[in-house]
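Let me begin by presenting the structure, written as structure tokens, before commenting on it.
Every number in this text was worked out from the coordinates using simple rules, so none of it is lab data. Please read these numbers as outputs of a predicted model, since none were measured by experiment. We place every Cβ from the backbone using ideal geometry, glycine too, and count neighbours over all the protein chains shown.
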Amino acid sequence: MKAVWKLALRTPNIISLANGDPHNSLYPISQIDFKVPAVNTENPCSEWKSGDGPTQTFTSYKDKDCALSLQVALQYGAGAGLLDVRKTLSGFNEMLHGCTSATHDVTLSLGNADALTKCFRLLGDPGDSFLVEEFSFPGMTNAPLAHGIKWVPVMMDEDGILPTSLESILEAWDTDTRGKRPHVLYTIPSGQNPTGGTLTLERRREIYKIACRWNLIILEDDPYYFLQYDRKPVSPPDIESEGYGKTFAKTLIPSFLSMDKDGRVIRIDSFSKIIVPGMRLGWIASNPFFAEKLESLTDSSTQHPHGFGQAFVAEMLGPKGWGPDGFMRWVGSLCDEYQRKRDFFLKIFLREVGDNGFATVGTPTAGMFVWIKVHLERHPRYAEEGPTSSNVEELMDELFNKLFDGGVLLMPAKTFACPSDNRDSTRNKLNHFRATFAGVDGTIENALVIFGKVLREFFGEHAAS
Ligand SMILES: Cc1ncc(COP(=O)(O)O)c(C=O)c1O
């Protein structure tokens with residue numbers, strides 16, 4: 001059906017009686033106004049938050065000129081998304097990652113969860129094994145299990161995947177006992193969920209080399225890419241000559257996509273963390289072969305993404321909207337706000353917890369999460385029976401319940417442990433909680449006051465020194 005429909009699209013004068021499309025004269029919507037912050041100020045995010053910053057309105061019309069007519073945006077569309085929006089995002093990717101539409105096509109998605117579940121389905125047959133960080137986002141790692149995909153955990157530290165672990169898994173793989181060698185690496189390279197870690201450039205390069213050596217496809221799930229902290233300041237002369245967007249992009253850590261010479265990276269971006277999650281819109285960059293398969297899968301599953309979202313994005317990045325430069329100004333200002341929240345979290349953590357040594361946190365340079373390490377080895381009832389067996393899980397369950405009773409909910413590490421056949425490698429590393437600093441200051445402070453108190457009670461005076 002979609003092939004016939006595309007034929008009609010390529011033939012402008014054809015009279016089509018083929019589709020059950022509601023005619024746009026019957027759409028009960030003729031205009032949508034999106035009131036947004038103006039981004040030509042020093043700090044649009046904090047001014048907007050305070051409620052008295054300048055604003056701007058993007059307008060989508062059904063019957064008047066605008067970046068994307070509602071006649072088109074609200075009609076049934078192509079699974080890959082509307083061409084204008086895809087072209088805009090392709091240009092945006094070129095600015096950010098240097099990849100061009102000649103090598104990588106852009107396909108729209110309903111956010112990264114949608115994009116990933118489709119990629120898992122496309123890339124894996126039942127019985128295949130995929131590689132993943134040993135702690136990862138369970139919403140995604142649970143997704144392909146029903147399809148018969150097995151996960152193989154790759155060891156990580158505070159900077160993410162250890163290339164040596166990746167290489168040794170692939171080298172030691174015994175196809176007789178374990179079946180086909182993994183051909184997919186699913187990774188969250190920036191502000192990793194749950195650990196908050198960001199792969200260094202050096203590690204990215206090493207991992208990409210390993211991927212070339214072992215012919216891996218890299219699924220780069222990067223919803224926190226735009227939220228990077230402690231970056232080099234943007235340089236005014238560069239802004240003058242290259243524009244804000246390009247100058248800002250140079251302060252972000254290079255993506256796997258930017259290194260991709262042979263079409264093995266599928267990069268998955270989302271508007272969820274930088275505009276709104278409810279818009280359900282993201283974009284995928286992949287080689288044209290994968291893009292075509294993704295489109296077919298979308299045509300026979302979710303159908304094309306949200307029309308209102310596409311209308312918004314077209315106006316936002318279009319000539320009367322923020323444009324790519326203005327969008328990056330918003331992102332830059334959002335980074336400042338999240339960096340401030342991160343620093344607030346760490347300051348209060350230090351005040352409430354830091355001096356007792358029962359728990360510590362690193363300083364994430366991207367994303368929304370800190371990975372709180374609980375030093376259970378100092379607990380009087382801690383018992384380690386070997387590298388893979390201890391009472392860490394029991395003690396963490398106990399602490400989780402005490403925190404919950406005290407009024408604070410933190411995500412226990414066991415929620416994120418890779419759902420592989422063999423959980424031994426992560427068992428002794430379950431002494432972590434994921435916490436977010438994305439909330440408001442008052443909530444963060446109240447939670448950490450309780451956390452510090454419950455932690456002290458949990459360890460008691462008997463803590464081993
Ligand atoms: C690592 C990771 N991937 C994917 C998603 C889903 O994102 P989206 O809202 O774009 O579907 C999330 C959301 O929290 C996430 O943290």
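FRET efficiency for the Thr175 to Ala383 pair, using the beta carbon distance and R₀ = 30 Å, is estimated at 0.20.
Sorting the segments 443-452, 139-148, 217-226 by their mean number of nearby beta carbons within 10 angstrom, highest to lowest, gives 217-226, 443-452, 139-148. If you plug the beta carbon distance of Gln31 and Asp52 into 1/(1 + (r/R0)^6) with R0 = 30 Å, you get a FRET efficiency near 0.70. Between the alpha-carbon centres of region 188-265 and region 131-172 there is a gap of 19 Å. For region 78-332, a/c is not less than 1.5, where a ≥ b ≥ c are the root eigenvalues of the C-alpha gyration tensor, and a/b does not top b/c. That puts it in the oblate class.
Computed over region 109-179, relative contact order equals 29 percent, with contacts defined as Cα pairs under 8 Å that lie 6+ residues apart.
What is region 341-459's relative contact order, in percent, from Cα pairs under 8 angstrom and six or more apart in sequence?
37 percent
Per-residue ellipticity at 222 nm computed for the chain from its helices equals -11500 deg cm²/dmol, with DSSP H segments shorter than 4 residues left out and the rest contributing -39,500 (n - 2.57).
At full extension, Tyr76 and Asp424 could sit 120.4 nm farther apart than now, given 0.36 nm per residue minus the alpha carbon distance. Going from the fewest other Cβ atoms within 10 Å to the most, the residues His304, His104 appear in the order His304, His104. Could I have the simple spin-label model distance between Glu292 and Thr360, label points 7 Å from Cα toward Cβ, reported in nm to one decimal? Between Glu292 and Thr360, the simple spin-label model gives 5.3 nm.
Extension gain for the segment Leu9 to Met95, taken as residue separation times 0.36 nm less the Cα-Cα distance, is 28.0 nm to one decimal.
Residue ranges 32-43, 276-287 sort as 276-287, 32-43 when ordered by packing (mean number of other C-beta atoms within 10 Å per residue, highest first).
Rg and Dmax, both from the Cα atoms of the chain and both in Å, are 24.0, 83.
Of the three principal axes defined by the Cα atoms of region 341-459, the extents in descending order read 40, 30, 23 Å.
With contacts taken as Cα pairs under 8 Å and at least 6 residues apart, the chain reaches a relative contact order of 19 percent.
Neighbour counts of other Cβ atoms within 10 Å put Leu131, Leu26 in the fewest-to-most order Leu26, Leu131. Computed from Cα positions, the angle between helix 112-123 and the longest principal axis of the chain comes to roughly 90 degrees.
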